[in-house]
Amino acid sequence: MQNTIVCRCEEVKLGEIISSIESGATTLRAIKVVTRAGMGICQGRTCRPLIEDCLSKTIKQDSNDVQQLNFGNPIRPIRLSELANTRKG
Amino acid sequence: METADAVVIGGGVIGTSVAYRLAKERKVILLERKEIGGQTSGNCDKAIILQSKKPGFPIKLAKASRRIYDQLEEELETSIEYNKNGGMILIEKEEHLNFMKKFVDRQNKAGLRVKLIDAKEAKAFQPYLSDNLVGATYSTEDAEVNPLLLTQAFSRAARRSGVDIRLYTEVVGIDCQNGRVVGVKTDRGYISTELVINAAGPFAGEIAEMVGVPLTIIPRRGVILISEKVPPMIHGNILCSQYIAAKHQSEEYGKAPPFGIGLSLGQTDSGNLLIGGSREFTGYNKEINPELLASIASHAIRMVPSLGNVQIIRSMIGFRPFTGNGLPIIDEVPGVQGFVIAAGHEGDGIALAPITGILVASLVAGESNYKDLLEPLKLKTE
Ligand SMILES: Cc1cc2nc3c(=O)[nH]c(=O)nc-3n(C[C@H](O)[C@H](O)[C@H](O)COP(=O)(O)OP(=O)(O)OC[C@H]3O[C@@H](n4cnc5c(N)ncnc54)[C@H](O)[C@@H]3O)c2cc1C
């Protein structure tokens, strides 16, 4: 169970998430900064619900109270050349 | 009532470095209203770059900090992905060649090893560079570090030395009596102390206001694009001469570009490219003009064409604590005994964090061994 991969992009295991929470990371952002979960190519779109769940179970907090990860734009991965072309004129 | 020998405000790279050094002889409490390294120190590049600093004192200070880095992993007992990979400033336009030549001359006189190389030599070192460059400057003294790991490493080492680190605790007031600090008010209670270190980065002005001291530190916004993981393609740091113009904002280094765009490029150990950046005064506004992202992208592609194919997964916004003279303030405020400022590192806080902790410790111990470095960092009051 501890070895279950929660964040596939960054290969972060459940055990690492739990131990980060136990050592004081009590928001999604704090967990992300410590474990890299949610920092990969999907930007937490897959693992966020799992981490929220894990957080609310570990610290017995309602997951609605848990601070949301913010998605830095762009919303989906985009090639740098496409981004360059969004320029006007 | 709760008491401490010192209270450090701010859990960024500066506050954690300071708390770690102070803990050697004191009971220290560090207060952070959010997460460790969650603000500027978690939204920045990884460059410990010396050759971008102004010749003179800024170089001397950066060198002193860089020397500490050589033993820091051992001292903090963990990897911070510190690499001595050198750094390069690309020169794209003939018209920049002149001021970069002068810049290099003055750097060499200031004792920094930097040399001007031609486009071919630059490409031999960084194979993905464009063929259209006129040259580059190169220094082996530049290095890099992972800023997230660095801040966490300082914070863990501080905790091991006994620092009480309190997250989600906001300082809301500072208590002074007869011109000296006597305590700190937080949203979670009062701490009695005679020493407060203001390491609140871009927010340091708000803290100084609590003791009635005017402190002009304003946020200078920077945006960085982050790519998916790719195989190694960039060695060390890459900047461009336009970056120097944007950073130093003086005609001497060419005209500042729109959005203060200048290339800053690096790759983390895990393979993500950090592609920056910009310099703007827009307060704490987090809205990004799409034109700004497009300008960063096209500027980077012009210098390193193969970057066009990498996927960007997100962007970061950080707020550099800008003082106006390119140097931080490290000083005990005259007239408010026990109130020390260690803030305003602008775009160099990662590079300068190690020396900052040591300077603050020396200052509060009343030692004179770092006088030459502390003197130019005094708070200037009109
Ligand atoms: C885009 C960008 C790129 C950069 N690249 C580099 C680089 O390559 N190399 C380099 O050396 N530097 C770089 N920098 C600069 C560097 O990031 C900063 O100088 C440094 O992070 C500042 O650290 P700090 O600890 O002073 O501030 P912060 O990291 O912002 O820490 C201040 C802390 O104080 C807390 N705080 C504020 N008010 C209160 C309060 N009332 N109560 C409790 N806590 C409070 C905040 O929450 C925050 O965590 C870059 C910056 C940016 C924006």
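Every read-out reported here was derived from the displayed coordinates using simple, explicitly stated rules and does not represent laboratory data. What you are looking at is a predicted structure, and each value in this text was computed from that prediction instead of being measured. Every residue, glycine as well, gets a Cβ built from its backbone with ideal geometry; the counts of neighbours run over all protein chains shown.
Apply the Debye scattering formula to the protein assembly as shown, with a single equal point scatterer on each alpha-carbon and no solvent, then give log10 I(q)/I(0) at q = 0.09, 0.13 Å⁻¹. The calculated log intensity ratios at q = 0.09, 0.13 Å⁻¹ are -0.60, -1.25. Summarising the amide proton neighbourhood of residue B:331: residues at separation of 5 or more, or on other chains, whose placed amide H is nearer than 5 Å comprise B:341.
Couplings for the range B:155-172, taken from phi via the Karplus curve 6.51 cos²θ - 1.76 cosθ + 1.60 with θ = phi - 60°, read 5, 5, 5, 4, 4, 4, 7, x, 5, 8, 9, 10, 8, 6, 10, 9, 7, 10 Hz in order; Gly and Pro are left as x. Taking θ as phi - 60° and the Karplus parameters 6.51, -1.76 and 1.60, the scalar couplings of the range B:96-103 work out to 8, 4, 4, 6, 5, 4, 5, 4 Hz in sequence order, x denoting glycine and proline. Taking every DSSP helix (H) stretch of at least 4 residues in the protein assembly as shown, weighting each as -39,500 (n - 2.57) and dividing the sum by the residue count yields a mean residue ellipticity at 222 nm of -9500 deg cm²/dmol. What value does the range B:152-236 have for Rg/Rh, both radii from Cα atoms and Rh as Kirkwood defines it? In the range B:152-236, Rg relative to Rh is 1.13. Whole-percent P(r), the range B:214-304, all Cα pairs, 5 Å bins from 0: 3, 13, 22, 22, 18, 13, 6, 2, 1, 0.
Applying a DSSP loop filter and a limit of 14 other Cβ atoms within 10 Å to the chymotrypsin sites (Phe, Trp or Tyr not before Pro) in the range B:274-382 leaves B:281.
For the range B:99-169, state which chymotrypsin sites (Phe, Trp or Tyr not before Pro) are in a DSSP loop and have at most 15 other beta carbons lying within 10 Å of their beta carbon. Of the chymotrypsin sites (Phe, Trp or Tyr not before Pro), the ones in loops of the range B:99-169 whose Cβ has at most 15 other Cβ atoms within 10 Å are B:128, B:168. Gyration tensor analysis over the Cα atoms of the range B:1-69 returns equivalent ellipsoid semi-axes of 28, 16, 9 Å (largest first, whole Å).
Residues whose amide H comes within less than 5 Å of that of residue B:85, counting only those at least five positions distant or on another chain, are B:144 (H built at 1.01 Å from N in the peptide plane).
Restricting the GluC sites (Glu not before Pro) of the range B:109-212 to loop positions (DSSP other than H, G, I, E, B) with no more than 14 neighbouring Cβ atoms within 10 Å leaves B:170. What pairs from B:27/B:371; B:63/B:229; B:46/B:93; B:247/B:286 go past 23 Å between their alpha carbons? B:27/B:371; B:63/B:229; B:46/B:93, as the Cα separations exceed 23 Å there. Close amide-amide hydrogen proximity is noted between residue B:12 and B:37, each under 5 Å apart and 5 or more residues distant or on a separate chain (H modeled in the peptide plane; Pro and chain starts excluded).
The mean count of C-beta atoms from other chains within 10 Å of the C-beta of residues in B:224-231, rounded to a whole number, is 3.
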